[in-house]
Amino acid sequence: MVPAARYQELMSKPVETIFALIVLRLGEKLANELAADLLQNKPMPPVTWPRLG
């Protein structure tokens, strides 16, 4: 589990790196579904990020 205080560091990583890890760890099928959703400009659900501190 990533400590909440490190999420800012995570969000500063290049998108290409994050997406490559999604493909590697979770599979091409999920990555293709994510890409399709993002390219359709659908509204994304809100995300509750961990609280810092």
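With the condition kept exactly as written, say whether any residue in segment 6-15 is at positive phi and at pLDDT 90 or above. No, there is no match, as no residue in segment 6-15 is at positive phi and at pLDDT 90 or above.
Filter the chain for residues that are in a helix (DSSP H, G or I) and touching a residue at least 40 places away in the same chain (Cβ under 8 Å) and give the result. If the condition is that a residue be in a helix (DSSP H, G or I) and touching a residue at least 40 places away in the same chain (Cβ under 8 Å), then ALA4, ALA5, TYR7, GLN8 are the ones that fit.
Return a yes/no flag: does segment 17-29 have any residue that is loosely packed, with under 10 Cβ neighbours inside 10 Å, at negative phi and not basic (Lys, Arg). Within segment 17-29 (the criterion being loosely packed, with under 10 Cβ neighbours inside 10 Å, at negative phi and not basic (Lys, Arg)), the answer is yes, since at least one residue qualifies. Being closer than 22 Å to TYR7 by Cα and either at pLDDT below 85 or of a type in the set (A, V, I, L, M, F, W, C) (or both) is the filter here, so list the residues in segment 18-34 that pass it. Answer for segment 18-34, where residues must be closer than 22 Å to TYR7 by Cα and either at pLDDT below 85 or of a type in the set (A, V, I, L, M, F, W, C) (or both): ILE18, PHE19, ALA20, LEU21, ILE22, VAL23, LEU24, LEU26, ALA31, LEU34.
The values are calculated or read from the model by the stated rules, or taken from the named source; none is laboratory data. Remember, predicted model here, so these are calculated numbers, not experimental data. In this analysis, Cβ positions are derived from the backbone assuming ideal geometry, glycine residues included, and neighbour counts consider all displayed protein chains.
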